[in-house]
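The block underneath contains the structure these notes are about, expressed in structure tokens.
A short reminder: the numbers here are calculations on the coordinates, not readings from a lab. No experiment lies behind these values; they were computed from the predicted model shown. Cβ placement follows ideal geometry from the backbone for every residue including glycine, while neighbour counts extend to all protein chains displayed.
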Amino acid sequence: MFFAGTFPLTIDAKNRLSIPFQVRDKMMSESDGRSFYVVPGRRPGTLMLYQNKYFETTRGSGRSIDRASAATYEWVQFEYSQCTLIDPDNQGRLLIPERLLKRAKLDREVVLMGVQDHLELWDRQAYEQFEEAGWQGYAENREPAMRELRELDEQAAVAAVPQPTA
């Protein structure tokens, strides 16, 4: 799955969000799931939406929170306590819990954006400010960002190579 694009949307009075056809059409239900986990966003005032099978695979593989520091364990406790699994209805709408909308300070006018492996839900005005700032710094920020991403890819490739056993 690969999510990209920006979709101005409105959350209805029942807190339902319609996932645009362009997004639903890209979803691979068999491999990544049909439902979404909604978690607090990396940026304050946002929510992240991950397809359920993808989220369960990436968050559950090889991690043992029993060995984590107290601070990391507490963060994991908090994130998973705020996490909600949502099944879309027949029209592809997601019922976003009121408590998450309030905590993220999201009102009716929102933007859904694709961010590679997940979707993010933003307040529309906050997104417009983010977009304006992004355009202003795009050229000078592109090369350092691309370099860092290449380095992260290289590190991941090295980590994926099986190590010889003694």
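For the range 80-92, just list the computed ³J(HN,Hα) in residue order, Karplus coefficients 6.51, -1.76 and 1.60, θ = phi - 60°, integers in Hz, with x standing in for Gly and Pro.
These are the phi-based 3J(HN,Hα) values: 5, 5, 8, 6, 9, 8, 10, 9, x, 7, 5, 9, x Hz.
Give me a comma-separated list of calculated 3J(HN,Hα) values for the range 100-110, in order, Karplus coefficients 6.51, -1.76, 1.60 applied at θ = phi - 60°, integers in Hz, x for any Gly or Pro.
6, 4, 5, 4, 7, 6, 9, 9, 6, 8, 10
Given Cα pairs under 8 Å that are at least 6 residues apart, what percent is the relative contact order of the chain?
31 percent
Pop the C-beta distance of Glu128 and Cys83 into the FRET formula with R0 = 35 Å and round what comes out to the nearest 0.05.
0.80
What lysines sit close enough to Lys53 to cross-link, taking a C-alpha to C-alpha distance under 16 Å and skipping anything fewer than 8 places away on the same chain?
Lys26
Let me know the shape class of the range 6-124, please: from the alpha-carbon gyration tensor, a ≥ b ≥ c as square roots of the eigenvalues, rounded when a/c is under 1.5, otherwise prolate if a/b is greater than b/c, or oblate.
Oblate is the answer for the range 6-124, as a/c is 1.5 or above yet b/c matches or exceeds a/b.
What lysines does Lys105 reach when the alpha-carbon gap must be under 25 Å and sequence neighbours fewer than 8 apart in one chain are set aside?
Straight-distance partners of Lys105: Lys14.
Which aspartates and glutamates have a Cα less than 19 Å from the Cα of Lys102, not counting those fewer than 8 places away in the same chain?
Straight-distance partners of Lys102: Asp12, Glu79, Glu120, Asp123.
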